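Coordinate-derived values only; no laboratory data. Computed from a predicted structure; not experimentally measured. Virtual Cβ from ideal backbone geometry, glycine too; neighbours counted across all protein chains shown.
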Amino acid sequence: MFQQIFSSRAGLVRGLAAVALLATMFCSTGCHLSWRTQSKPLRALLVTGGCCHNYQLQSEALTNAVSKLTRTVWTVVNEGGSGTRAQISLYDDANWARGYDVVVHNECFADTTDTNYIRRITAAHRAGTPAVVIHCAMHTYRAAGLDDWREFLGVTSRKHDHQSRYAVQKIEPAHPIVQDIPDDWKTPMDELYVIDQLWPNARALATSVSERDGKTYPVVWINQYGKARVFGTTYGHSDATFRDPVFLGYVARGVLWAAGRD
Ligand SMILES: [Zn+2]
C-alpha cells in the first residue's frame, strides 16, 4: 500500500497530508512532547572546577535542570582542584569541543594567564561551538593580558559586590531566556558582578542595581562570538541560587537558546 501511495510525487504529498491530518486528530500537548523527546539528544559538555564554589552540587542541579527540558547527553569535566590557577588537560587538544552541541563554562581560574592555552579555548567557540558562561567564568583568566576570553564572554568584569538578594529587571521581557522570570523575583544570596564593559556584539537581557555604587549592571546577556551564540549570567555563587527554580529555569533555557533550540 505504501509503495502505491508514494509511487508518485502527488502520492507523496497525499501521504504526508494524511499523516498531518492524523496528527491533528490525535495529538495533544503530549504528542508534541513525544516528538521533542524523540529528536536527537543535545550533546552538552560542562567544564567546571577551581576556586570558591560547590561545583559538585552546582553540576548536579544544572545538568538536571537542562535534562528536564530536553533529552541531553552530558559530559562533565570537573578538573583543576580548588585553586585559582590551573590548566586542565581537556584543552590540550585543539579539537577539544568536537562533537558537542553546546559547552557550559562554570569554571573559576582567575590567575591562569597562558595565551596559547586561552586561545585554544576561544578558537573552538569562534569557529562555532555555542557556549554558556556562568558566574566565576567571568573572572576566569582575569589576570591575563589578552582580551580574547572577555570578548568571547561578551562582558569585562574584574570584581564583584557583596552578597545580597538582588532584584532582577528584565530588559527584553519577551526573550525566551528571561520570559519566565517573575517580575518581582529576587536572587537568593548571591554576588553582583561589576561589569566594566558590555562588548559590542553583546546585549543585556536583564540587569540588577548595585547597592554599593547605585549603578545598573547586566546580569543576564547574550553575545555573538564569531559563529557561536553565547549566553551568560553572572549569578550562580551560592548553593541557594543553584536550588532556586527561577535561576535554574533561565539558565536551562539559555543552554537551549545557545544551542539553537529556542
Ligand atoms: Zn562566587
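Scanning region 168-200 for residues that are hydrophobic (A, V, I, L, M, F, W, C), part of a loop (DSSP other than H, G, I, E, B) and within 16 Å of the ligand (Cβ to nearest atom) gives a single hit, MET189.
What residue, of ARG165, ARG203, is surrounded by fewer than 19 Cβ atoms within 10 Å (Cβ to Cβ), within 16 Å of the ligand (Cβ to nearest atom) and of a type in the set (Lys, Arg)? Spell out how you get there, then give the answer.
Working: ARG203 fails: within 16 Å of the ligand (Cβ to nearest atom).
Exactly one of ARG165, ARG203 is surrounded by fewer than 19 Cβ atoms within 10 Å (Cβ to Cβ), within 16 Å of the ligand (Cβ to nearest atom) and of a type in the set (Lys, Arg), namely ARG165.
Kindly evaluate PHE242 against the criterion of being part of a helix (DSSP H, G or I), surrounded by 14 or more Cβ atoms within 10 Å (Cβ to Cβ) and within 16 Å of the ligand (Cβ to nearest atom). Outline the logic, then answer.
Details: part of a helix (DSSP H, G or I): yes; surrounded by 14 or more Cβ atoms within 10 Å (Cβ to Cβ): yes; within 16 Å of the ligand (Cβ to nearest atom): yes.
In short, yes.
For the residues ARG158, ARG142, the requirement of being touching a His at 6+ places or on another chain (Cβ under 8 Å), surrounded by fewer than 24 Cβ atoms within 10 Å (Cβ to Cβ) and closer than 17 Å to TYR193 by Cβ singles out ARG158.
For region 225-262, a residue qualifies if it is of a type outside the set (Asp, Glu) and without any contact (Cβ under 8 Å) to a residue 60 or more places away in the chain, and the qualifying residues are ALA240, THR241, PRO245.
Each residue in region 125-156 was checked for being within 16 Å of the ligand (Cβ to nearest atom) and among the basic types (Lys, Arg), and 1 of them qualify.
Residues are listed down the side, and each one gets a yes or a no for (1) of a type outside the set (S, T, N, Q); (2) in contact with a Ser or Thr (Cβ under 7 Å, 6 or more places away or on another chain):
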| position | (1), (2) |
| --- | --- |
| GLN163 | no, no |
| TYR166 | yes, yes |
| ALA174 | yes, no |
| ASN201 | no, no |
| TYR235 | yes, yes |
| ALA252 | yes, no |
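Taking region 66-101, which residues are aliphatic (A, V, I, L, M), under 20 Å from PHE242 (Cα atoms) and surrounded by 20 or more Cβ atoms within 10 Å (Cβ to Cβ)? Within region 66-101, VAL66 is the sole residue that qualifies.
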